[in-house]
Every structure is written in C-alpha cells, then in structure tokens.
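Colleague: Got a structure for you, questions after.
The values are calculated or read from the model by the stated rules, or taken from the named source; none is laboratory data. Predicted model, so just to flag it, every value in this text is computed and none were measured. For neighbour counting, all protein chains shown are included, and Cβ atoms are generated from backbone atoms with ideal geometry for every residue, glycine included.
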Amino acid sequence: MAHKRAWWERGIIYQIYPRSFKDSDGNGIGDLRGIYEKLDYLQWLGVDAVWISPVYPSPMKDFGYDVSNYTDIDPIFGTMADFHALEDEIHRRSLKLIMDFVPNHTSDQHPWFIESRSSRDNPKRDWYIWCDPAPEGGPPNNWLSNFGGSAWTFDERTGQYYYHSFLPEQPDVNWRNPDLMHAMFDVLRFWLDRGVDGFRVDVIYHIVKDEHFRDNPPNPDYQPGENPYHEFLSTYTADRPEVHDIIAGMREVLDAYRDRVLIGEIYLPLERLVAYYGASGRGTHLPFNFQLIQLPWHAQVIREAIDNYEAALPEYGWPNWVLGNHDKPRLASRVGPAQARIAAMLLLTLRGTPTLYYGDEIGMHNVPIPPEKVQDPFEKNVPGMGLGRDPARTPMQWDATEHAGFSQVEPWLPVGKDYRTVNVEVERNDPHSMLTLYHELIALRRREPALAVGSYSSVPAPHELLAYRRQHGNRQLMIVLNFGHNPHGFEYSSSLGRGTIVLSTHLDRQGEAVHGRLSLRGDEGVVIQINAPQ
Ligand code: GLC
C-alpha cells in the first residue's frame, strides 16, 4: 500500500493574482471579497488549494512584492476581517489556502528599513545589507538588479550603499542577522496561527548573498540585446550554500504545525533545484519546477526533462509541475491555443503536484498593453524587450459583459479583446471548450489514484509524440500526446490489455476502444484506460 499522501501531494494548486481576479468594490482592482465571491467557481473547477500572491500592505511599487507590513492586509485588497472570512470559507469547503511570503526584501517603507537607514548605529542597521562605496567610489561591486541597473543604491544620509535584488524600493534584508531571521520566522507563525495551510516563498534561492561581496563573473553565453541582468552569472548573489540552513529553519517553524506546506520559487538548473528538497527532507516540500514554462515545446525535449527530473528527485522528494505564473508569458501565447490543450493534459496527468495560473484554464492570451497603460516596473526599467509582465496579469474574463464581469469600472490593466468568447460563462456551457477540458481533466485526476499518486513510466513513441504510463495498484492509464499539428499514429501494444479512451483533448472520443494502431489528430492528446488482460 502506498502511504497516504499529504493534501499538497494529491492536490491541485491554483494561483490567484489578486489584483486581477475579481473586483468587489468597484475600484478596478481585484480584492479578497472578490475571491470569496468566486469560490463556487474554484470548487466547481475542482482545485484543492488556492495560492494568493501578496495582499499585505504595500506601496505597490512591485504590486505587493514590496511589503511594508507582513502581518496585515492592504486596504486595496480589504481588511483582516475579509481575510478571515475568506479563509474560513475556503476551509469550510475543504480547500486550502497558501499565502505568499516575501522574505528576500521588504518595501523601503517598512518600519524595519526606515529604522535601518536612519543611522549607522541603529539596532536594525544590520537587518539590511549595507556596504561602503568601492575604494575608487561608486557601488561596492558589480551586482545587478533583476529589474535593471546596479543592485546598489547610495543613501546620502549615512554614506553607504544598500543592496536590492529588485527595485531600489525593495531593499534586501540580511538573513545572516539572527534577529532579522527570528522576526521573519515570527511572520510565518503569525499566519500559521491564523490557520493558513502554507506558503509560496518568493525568490527563496536569493535570500543569502556572498559574505565577501565578491564580483559576479561575466556570463560567457550572454548575447547583447538579452535581459541585461544576465550579463553576469549570479554566482555570489543566489543559490549560496548557507541558504539551506535558513530554509531548514523555516521548515522547522512549519513542522510545529500540522499538515502545512512550504513551496519555493526557484529558477535554477535541475541539479541545483532538487537540492532545495533539503538534506533528508529539511528543505521546501515543493521547490517549484518551472521546466514546462522554460523549455522549448517539443515532445522529445519534454520527455527528456520529465525523465531527468524523475531521476534527479531525492527518494523523499515529491515532484511538482508549473504551467504558468504572474511573471511569465501566458501559456496559450507561448505554445499556441491548440497546444495549450496538450499542455493542460500533460500537467494534469504527470506525476507530481500541478500548479495552474488563473485564466490559463479558459485559454487567456497575453494581452498587449499600450505604452500609456504599462504598470510593471520591470517593463518601465527595461522597456521594449518583452520582459514586462502586465500582459499575463490582465483581469480574469468571467463573462461577456463590460469589463468581462471583472469590475464595474475600467480595470487597472486592460481586459483581453477576446473576452466576449474567451470567458468562464461561455466556456462552461460549451462541451468542447478549454475550460471544459480542464474541468474534465481535473475530475479525472481526482478520481484516478493512478494520476494523483501513481507511478510514472515513460513509453517509447515516434518523435512528435509523448507517451507515458501511470499506475496505482491494478489501475493503469496511458497518456499519448501529439505535440505536432499533423495526425500521427501510435502503436498501442495489445499485450497491455484492452484500452479505452477516457478523455481526448478534443473532448469527443470518450469510450472509444483502443487496439493496435491508435490514430491521433493534430494537437490531440488522449488518456487511455488500460483494462487488465482477461
Ligand atoms: C518574484 C515574484 C515577482 C517579483 C519578484 C520580486 O520573482 O514572483 O513577481 O517581482 O519576486 O519580489
């Protein structure tokens, strides 16, 4: 018997970018009550857990990822009472709530930073990363901000530079300082005591920097015209060995409570990524695996990535897969609308916790943002390179009414032009829509332990196809996905036992018997139930 899996192993996570999910109070910005109003939808969709991007008080320079108070709710999103109401209702429906924890940096308006910058001998001076100018003047070293320019900003009053991995308004804290560390652990406890089920930890791999402030080496693969941040490798600014002790500390805080999950936002190559499970499971439960977002969309590339990932996981490490988030272009724009269906079937039939990004389930695309409507500081600082994240953060398209049913007024970002046809209401009533496909896939994953917790094995397939088997006890499923736009044949081995299609991405072949050669249409994927040989 497989041991009973935790909720975050069996479950499906749905990410909400709260500014854009549902506006309940008519200011054009989504809020907690808006999310509350849409819980029926999330429950119908069948997801298990909701991760909400930051809703804490913030000057919103980076839309909530610049936190000025870790233990309250920003008025834009509502009140602490709204938070409790939402959390209670989420739990009443047997769903889980995952909060965003942003421990790498605060807002420059956080009282900790205001104190820290007030004088060199302030007790909180060392809670942030301060450095003298280089001997010849200028920033202490060559470290760059992810959002463009130097990562160092000079502070006139005290004559030193402070470090910020992102905006100057997002100073990095100093995790080497034990008081800061304990204050951050208390933040976790604050929310755990209020019953949240876990955290997605923002840029967890960035939180410790080299204590000697060594220059980062140049990136030999850098091509002019690329994101300027990548001109140097982040050897001394990310993925430092000391980070794992700190994560073990976070894990210890969580482990004092029942059944909570720690998820890490980590953009690193596979061999580094899996280190974030920690030695003997003292790390994050789920180091986010972004390979499906980053890799070229080819069957063989994806097959290899899955096999390598499966092989690299530590024996106690539970896999996970992510298809989209608030920092990356929309799935349907990356791979095209037809292949977005293949991606959905892949995500929801792979071994490991799936994370969905709001709006992908209805096939929302990147929405072009006219220059005067740009909000994202990344786009403002490094313009015209397609790095801006606004296109993937536009309002959820609920129905065909004005502003897509998101708000009564013009929203903070434009609504996709396709909202009259690409929306929840229309797609719920269309038996062949993307939303119906997601609904069916999620329902299938929920009722099939072979999908939720079963083993994975790769099956050889011709080059544009990806095939694999999932098995739990005597329950066996085979998944065959056509990554090409042309029809393809797949030799289904009858020695496996009779097969029956339980789901096609085209939502029209359910019940079809499979023996011998299986014909797949272009962009079609199928889930086949293998009936044990008689
Ligand atoms: C993470 C977030 C991103 C944010 C950055 C700085 O990468 O996902 O949205 O801008 O951290 O907090």
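Colleague: Name the pairs: first residue in the stretch 98-114 and in contact (Cβ under 8 Å) with a residue 40 or more places away in the chain and farther than 26 Å from residue 15 by Cα, second residue hydrophobic (A, V, I, L, M, F, W, C) and away from the ligand (no atom under 13 Å from the Cβ), Cβ to Cβ under 7 Å, at least 6 apart or on different chains?
Modeller: 112/127
Colleague: Moving on. For residue 170, all conditions in the list (1) within 20 Å of residue 68 (Cβ to Cβ); (2) away from the ligand (no atom under 16 Å from the Cβ); (3) surrounded by 21 or more Cβ atoms within 10 Å (Cβ to Cβ) hold save one; what is the number of the exception?
Modeller: (2)
Colleague: Filter the stretch 279-329 down to residues that are away from the ligand (no atom under 16 Å from the Cβ), small (Gly, Ala, Ser) and either closer than 18 Å to residue 248 by Cβ or touching a strand residue (DSSP E or B) at 6+ places or on another chain (Cβ under 6 Å) (or both), then give me how many there are.
Modeller: Residues in the stretch 279-329 being away from the ligand (no atom under 16 Å from the Cβ), small (Gly, Ala, Ser) and either closer than 18 Å to residue 248 by Cβ or touching a strand residue (DSSP E or B) at 6+ places or on another chain (Cβ under 6 Å) (or both): 6 in total.
Colleague: Looking only at the stretch 118-125, decide whether some residue is away from the ligand (no atom under 16 Å from the Cβ) and outside any loop (DSSP other than H, G, I, E, B).
Modeller: Yes, that holds for at least one residue.
Colleague: To continue, here is another question. Could you list all residues from the stretch 51-97 that are of a type in the set (Gly, Ala, Ser) and free of Cβ contacts under 8 Å to residues at least 60 places away in the same chain?
Modeller: Within the stretch 51-97, 58, 64, 68, 78, 81, 85, 94 qualify.
Colleague: How many residues are within 16 Å of the ligand (Cβ to nearest atom) and either among the β-branched types (Val, Ile, Thr) or under 19 Å from residue 145 (Cβ atoms) (or both) when one looks only at the stretch 391-430?
Modeller: The number of residues fulfilling the criteria is 1.
Colleague: From the list 415, 409, which one is within 23 Å of the chain's Cα centre (by Cα), assigned to a loop (DSSP other than H, G, I, E, B), more than 30 Å from residue 477 (Cα to Cα) and aliphatic (A, V, I, L, M)?
Modeller: After applying the criteria, what remains is 415.
Colleague: Take the residues in the stretch 131-158 that are free of Cβ contacts under 8 Å to residues at least 40 places away in the same chain, in contact with a Pro (Cβ under 8 Å, 6 or more places away or on another chain) and not charged (D, E, K, R), then tell me which one is farthest from residue 240 (Cα to Cα).
Modeller: 154
Colleague: Among the basic types (Lys, Arg) and surrounded by fewer than 20 Cβ atoms within 10 Å (Cβ to Cβ) - does that describe any residue in the stretch 391-405?
Modeller: Among the residues of the stretch 391-405, not one is among the basic types (Lys, Arg) and surrounded by fewer than 20 Cβ atoms within 10 Å (Cβ to Cβ), which makes the answer no.
Colleague: Also: Among the residues that make up the stretch 243-261, is at least one of them within 24 Å of residue 380 (Cα to Cα) and either within 16 Å of the ligand (Cβ to nearest atom) or at pLDDT 95 or above (or both)?
Modeller: Among the residues of the stretch 243-261, not one is within 24 Å of residue 380 (Cα to Cα) and either within 16 Å of the ligand (Cβ to nearest atom) or at pLDDT 95 or above (or both), which makes the answer no.
Colleague: For residues in the stretch 50-66 being of a type in the set (Phe, Trp, Tyr) and in contact with a Lys or Arg (Cβ under 9 Å, 6 or more places away or on another chain), which is nearest to the ligand (Cβ to nearest atom)?
Modeller: Ranking the qualifying residues of the stretch 50-66, first place goes to 63.
Colleague: Quick one: in the stretch 444-500, of everything that is part of a loop (DSSP other than H, G, I, E, B) and within 21 Å of residue 318 (Cβ to Cβ), which residue is modelled with the lowest pLDDT?
Modeller: Top of the filtered list is 473.
Colleague: Does any residue of the stretch 92-105 turn out to be under 24 Å from residue 196 (Cβ atoms) and part of a helix (DSSP H, G or I)?
Modeller: yes
Colleague: Tell me, which helices (runs of 4 or more DSSP H) lie completely within the stretch 241-344 with 2 or more residues that are surrounded by 21 or more Cβ atoms within 10 Å (Cβ to Cβ) and not polar (S, T, N, Q)?
Modeller: 243-255, 299-312, 331-335
Colleague: Tally up the residues in the stretch 147-167 that are crowded, with 22+ Cβ neighbours inside 10 Å and either within 12 Å of the ligand (Cβ to nearest atom) or not aromatic (Phe, Trp, Tyr) (or both), please.
Modeller: Qualifying residue count, the stretch 147-167: 6.
Colleague: Continuing with this model, one more query. Filter the stretch 354-375 for residues that are over 18 Å from the mean Cα position of the chain (by Cα) and within 13 Å of the ligand (Cβ to nearest atom) and give the result.
Modeller: If the condition is that a residue be over 18 Å from the mean Cα position of the chain (by Cα) and within 13 Å of the ligand (Cβ to nearest atom), then 375 is the only one that fits.
Colleague: While we're here: Can you go through 103, 123, 135, 111 and tell me which one is under 31 Å from the mean Cα position of the chain (by Cα), of a type outside the set (D, E, K, R) and surrounded by fewer than 18 Cβ atoms within 10 Å (Cβ to Cβ)?
Modeller: 111
Colleague: Would a scan of the stretch 219-238 turn up a residue that is in contact with a helix residue (DSSP H, G or I) (Cβ under 7 Å, 6 or more places away or on another chain) and away from the ligand (no atom under 15 Å from the Cβ)?
Modeller: So far as the stretch 219-238 goes, yes, one or more of its residues are in contact with a helix residue (DSSP H, G or I) (Cβ under 7 Å, 6 or more places away or on another chain) and away from the ligand (no atom under 15 Å from the Cβ).
Colleague: Residue under question is residue 47, and the condition is that it be within 16 Å of the ligand (Cβ to nearest atom) and either assigned by TED's automatic domain parsing to the domain that holds residue 320 or touching a helix residue (DSSP H, G or I) at 6+ places or on another chain (Cβ under 8 Å) (or both); does it hold?
Modeller: no
Colleague: Here's something else I'd like to know. If I filter the stretch 503-515 for residues that are surrounded by 13 or more Cβ atoms within 10 Å (Cβ to Cβ), assigned to a loop (DSSP other than H, G, I, E, B) and among the hydrophobic types (A, V, I, L, M, F, W, C), do I get at least one hit?
Modeller: There is at least one residue in the stretch 503-515 that is surrounded by 13 or more Cβ atoms within 10 Å (Cβ to Cβ), assigned to a loop (DSSP other than H, G, I, E, B) and among the hydrophobic types (A, V, I, L, M, F, W, C).
Colleague: Please find, within the stretch 187-207, the residue that is farthest from the ligand (Cβ to nearest atom) out of those that are crowded, with 23+ Cβ neighbours inside 10 Å and farther than 15 Å from residue 262 by Cα.
Modeller: Result: 207.
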